[in-house]
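The values are calculated or read from the model by the stated rules, or taken from the named source; none is laboratory data. Source: prediction; values computed, not measured. All Cβ positions, even for glycine, are placed from backbone atoms using ideal geometry, and neighbour counts span all protein chains on display. Remember, those area values only see protein heavy atoms, side chains included, never the ligands or the DNA or RNA. Shrake-Rupley method; radii C 1.70, N 1.55, O 1.52, S 1.80 Å.
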Amino acid sequence: EEEARVLQERMSEVERAKKEVEEERREAEEAREELAKERRRLEEKEKEVEKEQRAVEESRVEMEERRREKISTVEEKEEQEKKEERKMKVEDDRVGAREGEEEENKWLER
């Protein structure tokens, strides 16, 4: 009878230990599932961040290209204005020389 009681206690302890192990196993599996979900969430977030970084870089490149185009356009306009100014100066010099000749001719005729 004593042996039966001791045996029953041991069996109860083994059963309790089995339940504890099963509970810990279940908790560990739940934790693994939660970690997997969190990892997937972080991977998605990382993809979103990378996508946003690419968009920002593309925008920066486009802005830089527009800035260069504007500078180029301004430089072309400035160059054109310089050419026009040189043409006007040459024309003014010609007119001035012609007028000078006419004045000189008038003076010589007198």
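If the only charges are +1 at each Lys and Arg Cβ and -1 at each Asp and Glu Cβ, what is the size of the charge dipole of the chain around the Cα centre, to the nearest 20 debye?
The calculated dipole for the chain is roughly 340 debye.
Heavy atoms only, probe 1.4 Å: what % of the accessible area of the chain goes to carbon and sulfur, would you let me know?
Summing carbon and sulfur atoms, their accessible area is 49 percent of the total for the chain.
For the stretch 57-74, just list the computed ³J(HN,Hα) in residue order, Karplus coefficients 6.51, -1.76 and 1.60, θ = phi - 60°, integers in Hz, with x standing in for Gly and Pro.
5, 4, 5, 4, 5, 4, 4, 5, 5, 4, 4, 5, 4, 4, 4, 4, 4, 4
Report the local net charge at Arg86: Lys and Arg +1, Asp and Glu -1, summed over other residues whose C-beta lies under 14 Å from its C-beta.
For residues surrounding Arg86, the net value is -3.
So if I average 1/r over every pair of distinct C-alpha atoms in the stretch 7-50 and take the inverse, what Kirkwood radius in Å does that give?
12.9
I'd like to know which of Gln80, Ala28, Leu7 lies farthest towards the positive end of the charge dipole of the chain, counting +1 on Cβ of Lys and Arg and -1 on Cβ of Asp and Glu.
Gln80
Just to check I understand the Karplus step: with θ = phi - 60° and J = 6.51 cos²θ - 1.76 cosθ + 1.60, what whole-Hz values come out for the stretch 47-56, glycine and proline as x?
Per residue, the Karplus-derived 3J(HN,Hα) values read 4, 4, 5, 4, 4, 5, 4, 4, 4, 5 Hz.
Which distance in nm do the two modelled labels at Val95 and Glu65 give, with both placed 7 Å along the Cα-to-Cβ direction?
Taking the two extended label points, one gets 4.5 nm.
For the stretch 38-99, just say rounded, prolate or oblate: build the C-alpha gyration tensor, square-root its eigenvalues into a ≥ b ≥ c, call rounded for a/c under 1.5, and beyond that prolate if a/b exceeds b/c, oblate if not.
It is prolate, given that a/c is not under 1.5 and a/b is the larger ratio.
Heavy-atom accessible area of Ser72 with all protein chains present, probe 1.4 Å, nearest 10 Å²?
Number for this one is 50 Å².
Based on the alpha-carbon gyration tensor of the chain and its eigenvalue square roots a ≥ b ≥ c, which shape applies: rounded if a/c is under 1.5, prolate if not and a/b is larger than b/c, or oblate?
prolate
Could you go through the stretch 84-92 in sequence order and give the Karplus-derived ³J(HN,Hα) for each residue, using 6.51 cos²θ - 1.76 cosθ + 1.60 with θ = phi - 60°, rounded to whole Hz, and x for Gly and Pro?
Computed from phi, the couplings for the stretch 84-92 are 4, 4, 5, 4, 5, 5, 4, 5, 4 Hz.
So what's the back-of-envelope 222 nm ellipticity for the chain, counting only DSSP H runs of four-plus at -39500 (n - 2.57) apiece and dividing by all residues, rounded to 500?
Rounded to the nearest 500, it is -38000 deg cm²/dmol.
Given charges of +1 on the Cβ of Lys and Arg and -1 on the Cβ of Asp and Glu, with all other atoms neutral, how large is the dipole of the stretch 40-92 about its Cα centre, in debye to the nearest 20?
Here the size comes out at about 140 debye.
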